[in-house]
Amino acid sequence: MYFKKNIDSLIAAILGFIIIQVFTNYGGIGISPDSIAYISTARNLVAGNGFTEFSGSPLVAFPLFYPFFISIFMFVTQMDIIKFAPILNGFLFATLIYLSGIIIEQFKYKTNTFKRIMLLVMVFSPSLIEVYTMLWSETLFILLIIIFILVFRRYLHTHSIKSLIYAACISAIAFDTRFAGITLVGTGCLLIFFDKNLRWRRKAEYILIFGGISSLLVTINLTRNLIVRGLATGMRQKGITPLFKNVEYSGNVLSDWFSIQFKGPLFFEVFAFLVMLLFVVFFIRNFRHWKAFYCFENITVAFFIVYVLFIVVSSTISRYETINNRLLAPAFIPLLLISTSQLPKWRKQLPHRQLNWVFFAFTIGIATLLVGSYIGIIRENLSYMNETGIPGYGEDSWTKSKMVNYLQKHNEFFEKDSSVYSNHSQAVYFLTGHTVIALPERVYKNDVKDFKEDPISLLIWFNMDENTDLLNLREIHKFKKMRRVKSFSDGAIFELTNYPPAP
């Protein structure tokens, strides 16, 4: 009976798996600089070198669980992660869709039509497809969020220590997969705090148990980081983006998910504020109506509030990449499900059958437009990716780079006694297998000082995807003599020497 209720979820999951294979068919899985940190650490783990990156330095900028996770598959299959990543990501995406279908099936108000529309929106979502076609830790993290919602709902219904510990274990793994996993700790503590079925003393005990277990893995992780590197999470810069600008960026992403065509900073800020206000109202309503507090919908509402607030505030305090789909993608399914969860109820409450069918036709029309918009975006993206590959280091502009092809055939550049630097050290590692030193970011004065004092070195400079935080050629030329060794249309190789001291 249980399986029969979720055959539609299984079909949607299979379709999701196929979509990831189609997108990665031409150039393989998408690779970004973060991906290189995960790949190299997983390779070093399998080789017995511990949690170290391609540079040989301990991994501290990212939590350890995701590279550990992919290293398990590498060890079992004896295959490099690059080869089977499309299959792994396809499986994670399929599992995400299937478990989301199980959650929808247990919503208080739902119909088969509503469930299947939601599944289709997830399957064809450009937001989720972007994540699951890349080798990113979000692929596992988003799945863990859905598992957490499933497990925590069982705890809310039983209030057993066993169920609480299970939920805390999922939260702990998520926290050590991405530091943003602290939002699951916050979600669990928030729900325990407002639980009317617990006395204050029991609430305090459960919060301590849940919070303690949830933080255990990341505490071990951060302690290890302090021991091996003296930094808990690596070097972090202070935020440079104002709060309201981050609210605007969030509103831009949220409106894109609904394919809303209105644009402009004010609209994005108002839209983000209204969405958050709506979810806060939902949470307050669920708290006042105690039966609604213990349902899947309320857990999802609580997570959305905590997660989005965390991303906006932390992006203001600490410098991240600009808030984009990748950062907010874990909130996509909660937003989708909660913003539509009342539709079956509203249709049922309509007094006349004719109005019922008008409302049904209207919602189907809106859903068709949304899915149609998603399919249009997917077709456009797929057309591009089938010609050049998924954007990143696996894209043709990188793999067919003339300078990269030259470096692949000339190992002597990496065998010199002098240091070799690059403004894309991750690309050099991924495409040639050689390790070079990353050009320093100008804000880190000690790194810049070490670079300046290096007497003889080589610089592999790519013209593509310039990182404006790094020293540029004009700045380097001020304190280094630059002799061009080889030039290409997409970059150059320089020999760097120090200027003679002034007489």
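May I ask you to verify whether ILE437 is within 30 Å of the chain's Cα centre (by Cα) and not charged (D, E, K, R)? Give the derivation first.
Details: within 30 Å of the chain's Cα centre (by Cα): yes; not charged (D, E, K, R): yes.
Criteria met by ILE437.
With respect to LEU184, is the statement that it is out of contact with any Lys or Arg (no Cβ under 6 Å at 6 or more places or on another chain), under 30 Å from PRO58 (Cα atoms) and free of Cβ contacts under 8 Å to residues at least 12 places away in the same chain true? Can you show your working first?
On the way: out of contact with any Lys or Arg (no Cβ under 6 Å at 6 or more places or on another chain): yes; under 30 Å from PRO58 (Cα atoms): yes; free of Cβ contacts under 8 Å to residues at least 12 places away in the same chain: no.
No; evaluated as a whole, the condition is false for this residue.
Quick grid of which residues meet (1) part of a helix (DSSP H, G or I); (2) over 25 Å from MET122 (Cα atoms):
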residue: THR177; (1), (2): no, no
residue: LEU190; (1), (2): yes, yes
residue: LEU222; (1), (2): yes, yes
residue: ILE227; (1), (2): yes, yes
residue: ALA232; (1), (2): no, yes
residue: ASN246; (1), (2): yes, yes
residue: ALA272; (1), (2): yes, no
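Of the numbered conditions (1) surrounded by 22 or more Cβ atoms within 10 Å (Cβ to Cβ); (2) not in a helix (DSSP H, G or I), PHE141 satisfies every one except a single condition; which is it?
(2)
When ASN325 is evaluated against the numbered criteria (1) touching a residue at least 60 places away in the same chain (Cβ under 8 Å); (2) crowded, with 16+ Cβ neighbours inside 10 Å; (3) farther than 30 Å from SER250 by Cβ, which criterion, by number, is the only one it fails?
(3)
Six or more apart or on different chains, Cβ under 9 Å: which pairs go from a residue in the stretch 293-318 that's more than 13 Å from LEU156 (Cβ to Cβ) to one that's among the polar types (S, T, N, Q) and not in a helix (DSSP H, G or I)? Could you list them?
Once the first residue is more than 13 Å from LEU156 (Cβ to Cβ) and sits in the stretch 293-318, its partners that are among the polar types (S, T, N, Q) and not in a helix (DSSP H, G or I) give SER315/THR241; SER315/THR322; THR316/THR241; SER318/GLN237.
Filter the stretch 480-503 down to residues that are crowded, with 17+ Cβ neighbours inside 10 Å and not in a strand (DSSP E or B), then give me how many there are.
Adding up the residues that qualify gives 0.
Please verify whether the stretch 152-160 includes one or more residues that are over 26 Å from the mean Cα position of the chain (by Cα) and more than 26 Å from ILE338 (Cα to Cα).
Yes, there is a match, as at least one residue in the stretch 152-160 is over 26 Å from the mean Cα position of the chain (by Cα) and more than 26 Å from ILE338 (Cα to Cα).
Any idea how many residues of the stretch 464-479 are assigned to a loop (DSSP other than H, G, I, E, B) and either of a type in the set (A, V, I, L, M, F, W, C) or closer than 13 Å to SER425 by Cα (or both)?
Our first condition is that a residue be assigned to a loop (DSSP other than H, G, I, E, B); within the stretch 464-479, this holds for 464-469, 471-472.
Narrowing the set further to residues that are either of a type in the set (A, V, I, L, M, F, W, C) or closer than 13 Å to SER425 by Cα (or both) leaves 464-467, 471.
Total meeting the criteria: 5.
Considering only the stretch 132-172, state which residues are aliphatic (A, V, I, L, M), touching a Gly at 6+ places or on another chain (Cβ under 8 Å) and touching a residue at least 60 places away in the same chain (Cβ under 8 Å).
Across the stretch 132-172, the qualifying residues are MET134, LEU135.
Considering only residues that are at positive phi and without any contact (Cβ under 8 Å) to a residue 40 or more places away in the chain, which ones fall in the stretch 447-496?
Residues satisfying the conditions do not exist here.
Just one of PHE17, PHE68, PHE107 is under 30 Å from THR340 (Cα atoms) and under 19 Å from the mean Cα position of the chain (by Cα); which is it?
PHE17 is the lone residue from the list that is under 30 Å from THR340 (Cα atoms) and under 19 Å from the mean Cα position of the chain (by Cα).
Has the stretch 453-464 got at least one residue that is out of contact with any strand residue (DSSP E or B) (no Cβ under 6 Å at 6 or more places or on another chain) and either more than 22 Å from GLY394 (Cα to Cα) or at pLDDT 90 or above (or both)?
yes
Give the stretch 225-266 a look and list any residue that's surrounded by 15 or more Cβ atoms within 10 Å (Cβ to Cβ), without any contact (Cβ under 8 Å) to a residue 40 or more places away in the chain and charged (D, E, K, R), or say none.
LYS245, GLU248
Exactly one condition in (1) in contact with a helix residue (DSSP H, G or I) (Cβ under 6 Å, 6 or more places away or on another chain); (2) exposed (fewer than 14 other Cβ atoms within 10 Å of the Cβ) is false for LEU217; which is it?
(2)
One line per residue, one yes/no per condition, for (1) touching a Pro at 6+ places or on another chain (Cβ under 8 Å); (2) under 23 Å from LEU431 (Cβ atoms); (3) basic (Lys, Arg):
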{"residue": "LEU15", "(1), (2), (3)": "no, no, no"}
{"residue": "PHE23", "(1), (2), (3)": "no, yes, no"}
{"residue": "SER55", "(1), (2), (3)": "no, yes, no"}
{"residue": "ALA61", "(1), (2), (3)": "no, yes, no"}
{"residue": "ILE72", "(1), (2), (3)": "no, no, no"}
{"residue": "LYS83", "(1), (2), (3)": "no, yes, yes"}
{"residue": "THR95", "(1), (2), (3)": "no, no, no"}
{"residue": "GLN106", "(1), (2), (3)": "no, no, no"}
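So which residues in the stretch 229-245 are under 23 Å from ALA174 (Cα atoms) and of a type in the set (A, V, I, L, M, F, W, C)?
Within the stretch 229-245, LEU231, ALA232, MET235 qualify.
The values are calculated or read from the model by the stated rules, or taken from the named source; none is laboratory data. Worth saying up front: this structure is predicted, and the values here are computed from it rather than measured. Glycine also receives a Cβ, built like all others from the backbone with ideal geometry; neighbour counts cover every protein chain displayed.
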